[in-house]
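Everything below concerns the one structure shown next.
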Amino acid sequence: MSRYRPNLAVRVEPDEAEDLRYDDEETAAENNEEEESRGVDCPGDHVGVPSRPYLMKILQKQGDTNLVFADKVLRFTSSGKMKRRILLITDFAIYIVDPETDVLKRRIALAAVEKLCLSKLSDNFFAIIIPTEYDILMASTRKTEIVMCIADTTRSVSNYELDVFHSNRFEYNATAELVKQIKFEEVEGGVKTRIVQNNTQRKE
């Protein structure tokens, strides 16, 4: 798998009116602040899950105790807005948690993931494709680590080789009925990213 460098100048141009930008410097600063609270038993824990009772409660309620990754990410909604979330990955499932309300927003079994999509450029975006549900588009300065973590964990627990699709243009289902396309273009000083609605639906 190709290695990616964190990009410090990613410009997002969604099809909605808002001009949304991913603030890498701010996120990087937050990540640095969280390094000291990283879970001792999990090198991939970048938020200190054991010190956050609400996160531990979410995992324990699901009977899911083998954490392999945790970090703050940005998740794109179906309307194109960005929401701050905490991404948890265990050897069984992916969790999306709202850090403001301490609420579990979504849980996806690793077995339900068909593939991971990301560009060939040094941006921070990646999509998790789930055919039986709707997909997830997120951004993180630790994109490579997340993709490798999901792929490696899936391989180790099920011997299934997850497809990692590299392209500067790919589709994802923002909802069960809404298909969007994300396009990446290398420009001076960074990567320009545009999210547009696709008129075609995902083929079953």
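The values are calculated or read from the model by the stated rules, or taken from the named source; none is laboratory data. All values reported here derive from a predicted model rather than from experimental measurement. When we count neighbours, we look across all protein chains shown, and the Cβ atoms used for this are built from the backbone with ideal geometry, even at glycine.
Does at least one position in region 163-177 carry a residue that is within 18 Å of I108 (Cα to Cα), at pLDDT 95 or above and among the charged types (D, E, K, R)? The answer is yes, given that some residue of region 163-177 is within 18 Å of I108 (Cα to Cα), at pLDDT 95 or above and among the charged types (D, E, K, R). Any idea which residue in region 181-204 is modelled with the lowest pLDDT, counting only those that are basic (K, R) and either assigned to a loop (DSSP other than H, G, I, E, B) or closer than 29 Å to V68 by Cβ (or both)? Filtering region 181-204 for residues that are basic (K, R) and either assigned to a loop (DSSP other than H, G, I, E, B) or closer than 29 Å to V68 by Cβ (or both), the one modelled with the lowest pLDDT comes out as K203.
Could you list, in sequence order, the residues of region 63-99 that are out of contact with any Ser or Thr (no Cβ under 8 Å at 6 or more places or on another chain) and more than 30 Å from E171 (Cβ to Cβ)? Of everything in region 63-99, just one residue is out of contact with any Ser or Thr (no Cβ under 8 Å at 6 or more places or on another chain) and more than 30 Å from E171 (Cβ to Cβ), namely G63.
Let's see how each residue does on (1) among the aliphatic types (A, V, I, L, M); (2) surrounded by 18 or more Cβ atoms within 10 Å (Cβ to Cβ); (3) in contact with a Cys (Cβ under 8 Å, 6 or more places away or on another chain); (4) without any contact (Cβ under 8 Å) to a residue 40 or more places away in the chain:
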| site | (1), (2), (3), (4) |
| --- | --- |
| M56 | yes, no, no, yes |
| Q60 | no, no, no, yes |
| S78 | no, no, no, no |
| I86 | yes, yes, no, yes |
| I96 | yes, yes, no, no |
| E133 | no, no, no, no |
| I136 | yes, yes, no, no |
| K143 | no, yes, no, no |
